Amino acid sequence: MSEVVKLERHDNIAVVTVNSPPVNALSAAVRGGIFDCIKSAIDDAQVQGIVLTCAGRTFIAGADITEFGKPPKPPGLAEVLSLMESSPKPIVAAIHGTALGGGLEVALACHYRVATKDAKLGLPEVKLGLLPGAGGTQRLPRAVGPELAVKMIVGGDPIGADAALKAGLIDEIVEGPASGGEAFARKVVAEKRPLRKLRDDDSKLAAAKADRSIFTNAVAALTKKSRGLEAPFAAADAVGAAIDLPFDEGLKKEREGFLKLMNGEQSKAQRYAFFAGREAAKISGVPEGTKGRNVARVAILGAGTMGGGIAMSFANAGIPVTLIETGEEQLKRGMGIMQKNYEATAARGGIPADAPAKRMALINGVVGIENIGDADLVIEAVFETMAVKKEVFGKLDQYAKPGAVLASNTSYLNIDEIAQSTKRPQDVLGMHFFSPANVMKLCEIVRADKTAPDALVTAVSIARKIAKVPAVVGVCDGFVGNRMLAQRGKQSEKLLFEGALPQQVDAVVTKFGMPMGPFAMGDLAGLDIGWRSRKDRGIKSEIADALCEAGRFGQKTGKGYYKYEQGSRAALPDPEVEKLIDETLARLGRKKRVVSDDEILERMMYPMINEGAKILAEGIAARPSDIDVVWLYGYGWPIYRGGPMFWADTVGLKHIADRLAFYARETNDPSLEPAPLLKKLADEGKTFASLAAASKAA
Ligand code: 3H9
């Protein structure tokens with residue numbers, strides 16, 4: 001009766017199956033199909049029980065996000081759920097894969113729920129800047145109690161079938177969803193079990209009604225890291241309504257909150273970010289159907305901070321790693337750090353207690369590059385100079401097996417040049433991980449001139465497999481992220497010469513939503529690195545040099561642009577730095593002026609966007625959304641602002657181009673002149689979003 005939902009009757013049990021690939025999202029057709037099939041089953045006198053299940057890889061993974069912001073099409077999900085919950089015949093949701101968002105809400109409106117052992121159940125709406133809008137905030141607390149409910153709703157992470165069974169979210173773990181669901185429905189019918197409706201069951205709310213601190217403490221802990229975000233707080237309020245209000249009133253409150261968020265700017269940005277991340281995995285300029293190479297084992301060269309973090313990322317995904325160092329001492333140190341790192345995470349409850357041993361067992365630490373022979377992918381994370389990289393890649397030629405993908409983790413060096421040091425440039429590309437590599441999600445995949453399409457596909461798919469967000473970029477100094485960051489760095493330094501203080505600049509940047517300002521970031525990375533490199537190149541940076549000459553290298557020396565108390569990472573403004581800046585300016589005959597926060601924000605962000613426009617024009621990134629992905633997942637750009645290019649569109653490109661031209665004039669800095677592409681879009685009244693995808697190779 002429907003293209004995407006079908007109804008079958010097996011004796012007295014009706015089986016309703018949703019089949020709408022890829023993830024059975026609740027499009028209008030799916031909602032309509034479920035409504036019609038359930039109604040038919042209710043009307044069929046032969047039917048005594050109903051199973052709702054899904055074909056394909058997953059149970060319903062949520063509302064169809066592509067429909068948000070468009071005129072609603074009937075039937076609404078609330079109407080479908082109301083029909084199901086009030087059905088006079090028991091409905092069993094049979095779950096496999098991921099029952100997420102609206103999908104779990106459908107299941108919660110059923111009278112019983114069963115799931116396969118590997119199923120995951122969750123309400124991740126908050127990650128899209130939303131709250132569950134189809135009863136999830138009211139039914140989940142009634143199913144599992146408000147404490148776990150608020151954790152799932154405000155935190156947004158799913159739970160597994162075992163935890164769901166323990167919490168009372170599901171009634172049984174089954175082998176197969178359809179067969180298990182049907183068997184369970186037969187049991188319900190045979191035993192004449194009641195029509196259990198979560199809306200009528202307040203028993204699990206009683207404790208929180210008596211002592212609301214159970215709930216408020218959980219909310220306080222969960223929202224600690226939600227600075228700037230609206231959804232977690234609105235979601236917590238909606239769950240609070242489940243405790244305080246009758247079901248229907250709570251539902252009304254939930255609906256109001258959902259609509260407000262859905263129509264707001266933050267959710268728009270977060271939904272954009274969701275699709276941008278998926279879009280980035282589609283590589284332009286690669287022949288359709290190109291298959292990646294098989295990767296069963298990875299070799300990583302270098303067990304330092306980066307190499308170790310990368311090795312952990314693979315081990316976390318169950319992929320065996322050969323971790324290679326040049327000496328026993330370095331290897332021992334690297335292995336020790338990983339072990340400690342895992343143990344600390346386990347102690348915090350981040351991973352199971354037996355995970356450190358299991359994961360470390362996947363990392364085989366050895367001395368000598370000759371041990372890479374059985375690796376399908378080799379990632380080099382050695383010292384960051386061209387000479388060292390070339391030497392290493394020359395050796396890879398000798399020891400890597402034919403067809404192995406050879407990746408460099410360089411953060412700025414020319415991969416084309418590195419590739420020339422091998423006889424197999426078609427296998428060479430960049431995989432630029434971000435520090436700490438076991439935590440940060442971004443992996444810039446650098447496509448060199450001669451990189452073979454299947455090598456590129458291999459890198460993108462393995463990055464996804466280890467839970468990274470890949471973004472394909474072209475060869476240039478610093479690739480996408482660091483190239484844009486360099487523009488911000490240049491301006492932040494100039495601002496000090498004009499009268500701003502490090503703490504003022506950083507405060508503007510963190511208020512915008514970035515996790516750290518440029519000066520605190522410099523202190524974290526170590527100021528001596530740039531100092532040494534400037535000396536090598538004969539470049540001066542008066543204030544930064546003066547800091548280093550005074551032994552202020554950043555956090556590691558307890559002093560940099562800020563001071564740090566022993567054992568603390570908290571950046572404290574230091575009058576000595578102010579004095580040092582004043583003296584430097586006086587020495588150079590520079591006059592201080594009052595720099596407004598507005599100016600700081602514009603000079604921190606607009607030059608990066610300008611560089612982004614150049615990156616697009618050169619084809620270094622194929623789409624504006626790829627640049628946004630780089631910033632969202634590599635640099636902590638606030639997700640509710642979508643990424644620099646998305647944000648630029650919301651500010652208006654004309655305004656940005658005008659301000660850049662103004663600053664170019666006022667500060668006598670030709671590098672701030674609006675890039676041709678930015679100027680063109682601004683003149684035409686267009687946005688970055690209007691640009692068609694264009695990759696270097698296309
Ligand atoms: C919600 O439910 C609101 C309700 O409370 C209220 C309603 C009133 N819609 O990620 P993948 C596409 S809000 C549309 O690569 P995986 C995705 O774009 C929703 N499309 O696969 C991709 O398309 P393409 C709450 C969707 O195996 C393809 O499916 N739910 C949706 O790595 C495959 O996706 C969520 O937030 C969707 N809901 O991961 C869940 N979901 O091939 C969001 C996916 O063209 N989804 N697509 O690029 C996910 O977390 C992951 O997709 C999932 C599968 C874990 C399901």
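Observations
- With 0.36 nm allotted per residue and the present C-alpha distance subtracted, the A361-S226 stretch has 45.0 nm of extension available.
- The simple Förster model, with R0 at 51 Å and r as the Cβ-Cβ distance, assigns D118 and D374 a FRET efficiency of 0.95.
- At q = 0.18, 0.21, 0.22 Å⁻¹, base-10 log of I(q)/I(0) for the range 516-587 (Debye sum, equal scatterers on each alpha carbon): -0.65, -0.87, -0.94
- Neighbour cut-off at most 11 other Cβ (10 Å), DSSP loop, GluC sites (Glu not before Pro), the range 375-437: none
- In the structure shown, the pairs K120/K197; K70/K209; K332/K556; K127/K686; K224/K260 are assessed against 27 Å; a Cα-Cα span above that value is assigned to K70/K209; K127/K686.
- Put in order of Cβ neighbour count within 10 Å, fewest first, the listed residues R424, R359 become R424, R359.
- Distance (nanometres) between label positions extended 7 Å along Cα→Cβ at Q566 and K465: 4.9
- Taken over the range 388-447, lysine pairs spaced eight or more positions apart, or on distinct chains, with alpha carbons under 27 Å apart number 7.
- Placing a label point 7 Å from the Cα of K282 along the Cα-to-Cβ line, the residues of the range 604-636 whose backbone N sits under 14 Å from it are 622-626.
- Highest-first arrangement of 81-94, 252-265, where packing means the average Cβ count within 10 Å: 81-94, 252-265
- Length-normalised contact order for the range 90-134 - Cα pairs under 8 Å, 6+ apart - percent: 45
- Distance from the range 244-306 to the range 14-50 (C-alpha centre basis), Å: 28
- Scoring 494-503, 565-574, 682-691 by mean Cβ neighbours within 10 Å over their residues and listing the highest first yields 494-503, 682-691, 565-574.
- Among the listed pairs K151/K358; K39/K89; K117/K358; K89/K187, those beyond 18 Å (Cα-Cα): K151/K358; K117/K358
- Amide N proximity, the range 75-90 versus L245 label position 7 Å along Cα-to-Cβ, cut-off under 17 Å: 78
- Ordering D376, D43, D628 from the fewest to the most neighbouring beta carbons within 10 Å gives D43, D376, D628.
- With the simple spin-label model, which puts each label point 7 Å out from Cα in the Cβ direction, the R593 to K490 separation comes to 2.0 nm.
- Relative compactness, the range 545-698, computed as alpha-carbon Rg over 2.2 N^0.38 Å: 1.29
- Overall shape of the range 421-477 was characterised from the C-alpha gyration tensor. The equivalent ellipsoid obtained from it has semi-axes of 20, 12, 9 Å, in decreasing order.
- If you model the chain as an ellipsoid using its alpha carbon gyration tensor, with each semi-axis the square root of five times an eigenvalue, the axes come out at 48, 31, 25 Å, biggest first.
- Over the range 184-312, the Kirkwood radius and the radius of gyration, each from Cα atoms, give a ratio Rg/Rh of 1.17.
- Over every Cα atom in the range 332-476, the radius of gyration and the widest Cα-Cα span, Dmax, amount to 16.0, 47 Å.
- Ellipsoid semi-axes in whole angstrom, largest first, where each is sqrt(5λ) of the Cα gyration tensor of the range 5-262: 29, 20, 16
- With distances taken between every two different alpha-carbon atoms, the range 110-204 has a Kirkwood hydrodynamic radius of 14.1 Å.
- Each label point was placed 7 Å from the Cα along the Cα-to-Cβ direction; for S86 and Q46 their separation is 2.8 nm.
- Shape index of the range 297-357: Rg/Rh, with Rg the Cα radius of gyration and Rh the Kirkwood radius from the inverse mean 1/r over Cα pairs, equals 0.98.
- Potential lengthening between V439 and D202 on full extension [0.36 nm per residue; Cα-Cα distance subtracted]: 81.3 nm
- Taking the average, over residues, of other Cβ atoms within 10 Å as the packing measure, peptides 47-56, 460-469, 26-35, 221-230 rank 47-56, 26-35, 460-469, 221-230 from highest down.
- Helix-only mean residue ellipticity at 222 nm for the chain, each DSSP H run of n ≥ 4 adding -39500 (n - 2.57), per residue, nearest 500: -14500 deg cm²/dmol
- Relative intensity, log₁₀ I(q)/I(0), of the range 354-425 from a Debye sum that treats every alpha carbon as a point, q = 0.16, 0.25 Å⁻¹: -0.60, -1.15
Where a number appears in this text, it was derived from the coordinates with a stated rule and is not lab data. Please read these numbers as outputs of a predicted model, since none were measured by experiment. Glycine also receives a Cβ, built like all others from the backbone with ideal geometry; neighbour counts cover every protein chain displayed.
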